[in-house]
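Everything below concerns the one structure shown next.
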Amino acid sequence: MIVYFSGTGNSRYCAEVMAAHLDDELLDSFHFIRDGIAAELISDTPWVFVSPTYAWQIPHVFRDFIRSGTFEGNSDAYFVMTCGSDIGNAEVTLRALCEEKGLNYRGVLEVIMPENFITLFRAPSPEKANQLMDRAIPLLKKAVDRVRSGKEFPEPKHRVGNGLKSGTVNKVFYKLFVKAEPYRVTGDCVGCGTCEQLCPLANIRLVDRKPQWGPNCTQCMACINSCPTEAIEYGIRSKGKRRYLCDREVKR
Ligand SMILES: Cc1cc2nc3c(=O)[nH]c(=O)nc-3n(C[C@H](O)[C@H](O)[C@H](O)COP(=O)(O)O)c2cc1C
Ligand code: SF4
Ligand code: SF4
């Protein structure tokens, strides 16, 4: 079973590609996370967990979703982490998580996709984004072959500073950057409720048809990138920046 978490669609798309080629079941963790429900899942086929990279680790909300759930049947667990540049040494945490869950860690695949973190960086142009997605497909197909034949994923690249990035920097990052306070809405808001519906942590509430953010944000970028009128800003950091959503879909 392919189980995913996605803020802006990159990981959803990669999960769809893998599910289509493996002819396997696809499950979005969104409602489990949003409703605080511990997943109780069974799969005859290996588990493939697909998510973005947040500060060189899997997102804490997805890690907690796996931690709180039960994953029975097949005990092999593969991970696919989409990212803007690299996943650090996330495999250390993933190995430990598998050990904790009684799963058999089979490796992590780093897949470079368009950057979605527009409150800090810039999203690529649509042309560049398409190129990145095209490049990801052969990688995903190779990964599918490995899952199908029961082989481990190849070792991810070991880069200098990986341990620091996925360790201390991840902790500092969550303290400094993972917060909703700077979110605000401009006069362009039409009260459509998209931001409220898409927040995986139910952290947005429409009051008088305008969003208000609570304290429970994981910086998934869904709200700011999905607003149809680009009425959401993050302080001045998002001003004038292109919004990004992956709208590719896999026909099954
Ligand atoms: C809060 C946050 C932190 C991120 N940290 C990293 C990172 O450490 N390394 C990286 O290469 N990309 C990082 N990114 C980029 C995303 O991992 C990447 O764009 C991903 O494909 C988005 O997936 P999604 O569309 O499924 O949400 C970060 C994005 C966000 C929003
Ligand atoms: S998605 Fe945009 S337009 Fe719709 S309610 Fe939220 S801020 Fe307003
Ligand atoms: S408030 Fe926005 S960025 Fe934060 S978790 Fe919800 S949708 Fe994601």
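Each residue in the stretch 159-189 was checked for being more than 16 Å from ligand 3 (Cβ to nearest atom) and surrounded by 13 or more Cβ atoms within 10 Å (Cβ to Cβ), and 8 of them qualify. Within the set CYS217, CYS192, the sole residue that is touching a Leu at 6+ places or on another chain (Cβ under 7 Å) and either surrounded by 13 or more Cβ atoms within 10 Å (Cβ to Cβ) or modelled with pLDDT of 95 or more (or both) turns out to be CYS217. Scanning the stretch 42-68 for residues that are surrounded by fewer than 17 Cβ atoms within 10 Å (Cβ to Cβ) and either more than 15 Å from ligand 3 (Cβ to nearest atom) or assigned to a strand (DSSP E or B) (or both) yields ILE42, ASP44, THR45, ARG67, SER68.
Only one of the numbered conditions (1) within 16 Å of TYR78 (Cβ to Cβ); (2) within 14 Å of ligand 1 (Cβ to nearest atom); (3) surrounded by fewer than 21 Cβ atoms within 10 Å (Cβ to Cβ) is violated by ARG122, and that is (1). Note on the stretch 77-114: residues that are surrounded by fewer than 24 Cβ atoms within 10 Å (Cβ to Cβ) and over 21 Å from ASP28 (Cβ atoms) total 19. Contact map, the stretch 93-114: first residue under 17 Å from MET18 (Cβ atoms), second residue part of a loop (DSSP other than H, G, I, E, B) and among the charged types (D, E, K, R), Cβ cut-off under 6 Å, separation 6 or more or different chains; pairs are ARG106/GLU152; GLY107/GLU152.
The values are calculated or read from the model by the stated rules, or taken from the named source; none is laboratory data. All figures in this text were calculated on a predicted structure; none of them were measured in a lab. FYI the Cβ positions are ideal-geometry reconstructions off the backbone, even for glycines, and counts take in every protein chain you see.
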